[in-house]
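Accompanying notes for the structure given below.
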Amino acid sequence: MDSRSRLQELLPKLVLAPSFLIVLVFVYGFIAYTGFLSVTDSKMLPSYNFVGLSNYSRLWALPHWWRAVSNLAIFATLYIAICSVLGLALAILLDQKIRAEGFLRPVYLYPMALSFIVTGTAWKWFLDPGIGLENTMHLWGWESFSFNWIKDRNYAIYCVVIAAVWQSTGFIMAMFLAGLRGVDNEIIKAAQIDGATTPTIYRRIIIPLMRPVFLSAFVVLAHLAIKAYDLIIALTGGGPGQATELPATFMYSYTFTRNQMAIGASSAIIMLVMIFSIIVPYLYSEIRGGKG
């Protein structure tokens, strides 16, 4: 092999090496460092005194953490379910080759182009009883109208669901629409020849064929729910009280506000395990399907 051929073989590796090194250090290196901090007695500053798994025991004994986990269960369940149902419904609507598809598709997708900070701030204004929807309805003459969920600790988490669904549904719609357009038309034509109605074709043929798309949508939505931080901070700040606290905001507050770095690191590792429990089976199924 001459020097030119050797250089052509090495060039891609040399180009990718800096990026690989940066990811290795600043992603996986910091993950490893966070895991190490979670088994130390670190508080305001890192400490290197090993304490084993005692921080995890302390974490699961905190009512504050349990509140964050229970809020995550409510938020993630509603967020994933509503986004999936609405996304599928919008995709089926656009799949009917309606004239306004070219206009509606970017309208549905536009919210995903916004950051969660912008979404949270906009919905905070909209849902604020003093300046938002409730105040507007009062100015229009509906004095009895009341919608103060964002100030009510029993309903504030549902305001987070509303804002998150508004932002993510269009993206899920695009995933489902791509899946619908990928279904073999010959199968659909055969069903139509056999006398199957359009609802029956979707229910019995098309939707079952889209199982991989449903799985992909679930993975995307689940990891967004677990990592949700900026939306909470912009919309409710975790309040009122701890009504909308999620593991991500819990981790930040214990690490940087309460100076309990080891507890914050432990919660971060728990979140990492949650994400791994979703991503790893998904990757395994994809790899297994590819081999099949």
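Remind me, relative contact order of region 1-101 in percent, using alpha carbon pairs under 8 angstrom and six or more residues apart? Computed over region 1-101, the figure is 11 percent.
Per residue, the average separation of C-alpha pairs within less than 8 Å and at least 6 apart gives region 63-290 a relative contact order of 30 percent.
Grab the Cα-Cα distance for LEU272 and ILE287, subtract it from 0.36 nm times how many residues apart they are, and report the gain in nm with one decimal.
Fully extending the segment from LEU272 to ILE287 adds 3.2 nm.
Here the calculated FRET efficiency for ARG258 and ASN185, from their Cβ-Cβ distance with R0 = 45 Å, stands at 0.15, rounded to the nearest 0.05. Find the centroid of the Cα atoms in region 68-84 and in region 150-210, then give the distance between the two in whole Å. Region 68-84 and region 150-210 have Cα centres separated by 18 Å. For the chain, the carbon plus sulfur part of the accessible surface works out to 68%, probe radius 1.4 Å. Of all lysines in the structure, the ones whose alpha carbon falls short of 29 Å from that of LYS189, not counting any fewer than 8 places away in one chain, are LYS97.
Along region 207-216 the Karplus relation, 6.51 cos²θ - 1.76 cosθ + 1.60 evaluated at θ = phi - 60°, assigns HN-Hα couplings of 4, x, 6, 9, 3, x, 5, 4, 5, 5 Hz to successive residues, with x for each Gly and Pro. Ranking ILE82, ILE92, ILE206 from most to least accessible surface, computed with a 1.4 Å probe over the protein chains only, gives ILE82, ILE92, ILE206. Put a plus charge on the Cβ of each Lys and Arg, a minus charge on the Cβ of each Asp and Glu, and nothing anywhere else: the dipole of the chain about its Cα centre is then about 460 debye. Given a 1.4 angstrom probe, what's the average accessible area per residue across the chain, in square angstrom? Ligands and nucleic acids excluded, the figure is 58 Å² per residue. Taking amide H atoms as placed 1.01 Å from N in the peptide plane, the amide H of THR40 lies under 5 Å from those of VAL51, each 5 or more residues away in sequence or on another chain.
The values are calculated or read from the model by the stated rules, or taken from the named source; none is laboratory data. It should be emphasised that the depicted structure is a prediction, and the values quoted were computed from it without experimental measurement. Counting neighbours? That spans all protein chains shown, and the Cβs are built from the backbone with ideal geometry, glycine included. Just the protein is used for accessible areas: all its heavy atoms, side chains included, with ligands, DNA and RNA removed. Shrake-Rupley method; radii C 1.70, N 1.55, O 1.52, S 1.80 Å.
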